[in-house]
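The structure appears right after this line, and notes come after that.
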Amino acid sequence: MDLPGFDLDTFVRATLAEDLGEGGDVTSAAVIPADARLTAIMASRDAVVVAGLPLAEAFFRALDPDVTVEHLAADGDRVAAGTALLRLTGNARALLAAERSALNTVQHLTGIATLTRTYVDAITGTGAVLLDTRKTLPGLRLLEKYATRMGGATNHRLRLDDGVMIKDNHIAIAGGVDAAVRGATAAGLGRTSAPGSVGIVVEVDRIDQIEPALAAGADRLLLDNMDVATLRAAVALIAGRVPTEASGGVRLDTIRGIAQSGVTFISVGRLTQSAPAADIGLDYA
């Protein structure tokens with residue numbers, strides 16, 4: 001599971017502690033013998049793109065280190081409704097105590113991956129690249145961005161220190177786009193001074209802002225909340241001088257038209273903001 005910088009052990013411990021409380025799973029302790037065994041299947045009741053199965057295993061293993069886990073699908077797989085994802089055999093009390101934490105995580109991440117894939121499918125063949133955003137739940141950014149990757153998107157900035165993005169408020173406070181870009185360049189944050197980086201991204205929401213932004217030294221233009229006709233005009237004016245990114249209010253029913261405008265990238269906050277949880281359950285086998 002490719003999650004650089006993510007502390008899996010801390011996440012699992014904190015999530016289980018939140019669910020178990022001080023007394024643990026009092027229901028299972030009362031009605032299930034301590035040595036009872038359980039074999040269960042985690043399965044999707046929806047057609048989904050899977051994400052989070054290694055995390056689910058970590059939850060079960062945290063409470064039963066000897067649990068047997070058979071992966072029947074892998075993260076990134078596109079599966080039909082009714083597909084079995086994991087088969088578990090272990091201590092019944094432990095597996096039931098970990099069940100909700102494991103399911104919540106897989107349902108959430110699989111929901112994001114599944115929604116992301118619908119957006120990726122909608123722009124297939126256009127050449128545009130789908131990006132996620134920083135519109136994530138606090139504390140879950142690395143996981144949610146992992147899920148968008150499983151759905152076929154490319155990660156945008158992970159953090160504020162992950163690239164320069166000069167937006168309207170920056171421009172207003174700095175005293176203009178030229179002053180803002182000069183400040184970023186002086187700090188060594190442009191593409192020429194930081195090879196391999198995206199460089200200085202400047203947000204524009206009007207056609208007449210494009211040439212000043214390019215003249216100031218923008219390495220990429222974020223075309224914010226432009227309709228398709230305006231996007232086409234912007235792409236024609238930019239004429240390949242820098243990559244372009246369409247952003248703002250992008251929906252599934254509008255994304256293909258946006259992609260066909262010729263933009264390089266499309267960023268979509270809805271991937272992480274609005275994805276419904278997938279219907280995934282754990283049942284006695």
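Every number in this text was worked out from the coordinates using simple rules, so none of it is lab data. Keep in mind that what you see is a predicted model, and the values were worked out from it rather than measured. Here Cβ is always computed from backbone atoms with ideal geometry, including for glycine, and neighbour counts include all displayed protein chains.
Could you let me know the centre-to-centre spacing of region 12-70 and region 138-160, using Cα atoms, in angstrom? Measuring centre to centre over Cα atoms gives 25 Å. Take 95-107, 209-221 and order them by the average number of nearby Cβ atoms within 10 Å per residue, most first; the result is 95-107, 209-221. Taking Cα atoms, how many degrees apart are the long axis of helix 53-63 and the longest axis of the chain, rounded to 10 and kept between 0 and 90? Result, in degrees: 40. The Rg/Rh ratio for region 180-285 is 1.15, where Rg is the radius of gyration of the alpha carbons and Rh is the Kirkwood radius. Kirkwood Rh, region 4-55, all Cα pairs: how many Å? For region 4-55, inverting the mean 1/r across all distinct Cα pairs yields 14.4 Å. Against the chain, whose longest principal axis is taken from its Cα atoms, helix 92-122 shows a tilt of about 30°.
Can you give the net charge of the other residues whose Cβ lies under 15 Å from the Cβ of Asp35, counting K and R as +1 and D and E as -1? Neighbourhood net charge equals 0. Across the options Val181, Thr272, Met165, the greatest Cα extent toward the positive end of the charge dipole of the chain (unit charges at beta carbon of Lys, Arg, Asp, Glu) belongs to Val181. The protection proxy used here, the mean number of other Cβ atoms lying within 10 Å of each residue, ranks peptides 140-152, 22-34, 250-262, 54-66 as follows, highest first: 140-152, 54-66, 250-262, 22-34.
Both numbers refer to the Cα atoms of the chain; Rg and Dmax are 22.9, 73 Å. Roughly what angle does helix 8-20 make with the longest principal axis of the chain, taking Cα atoms, 0 to 90 degrees, to the nearest 10? Around 60 degrees separate the two axes.
Max-minus-min Cα coordinates of region 66-187 on each principal axis give 64, 37, 18 Å, with the largest extent listed first. Placing +1 on each Lys and Arg Cβ and -1 on each Asp and Glu Cβ, with no other charges, gives region 105-234 a dipole about its Cα centre of roughly 440 debye. More than 14 Å apart: what percent of Cα pairs in region 93-153 qualify? That tail contains 60 percent of the Cα-Cα pairs. Computed from point charges on the beta carbon alone (+1 for Lys and Arg, -1 for Asp and Glu), the dipole magnitude for the chain about its Cα centre is near 660 Debye.
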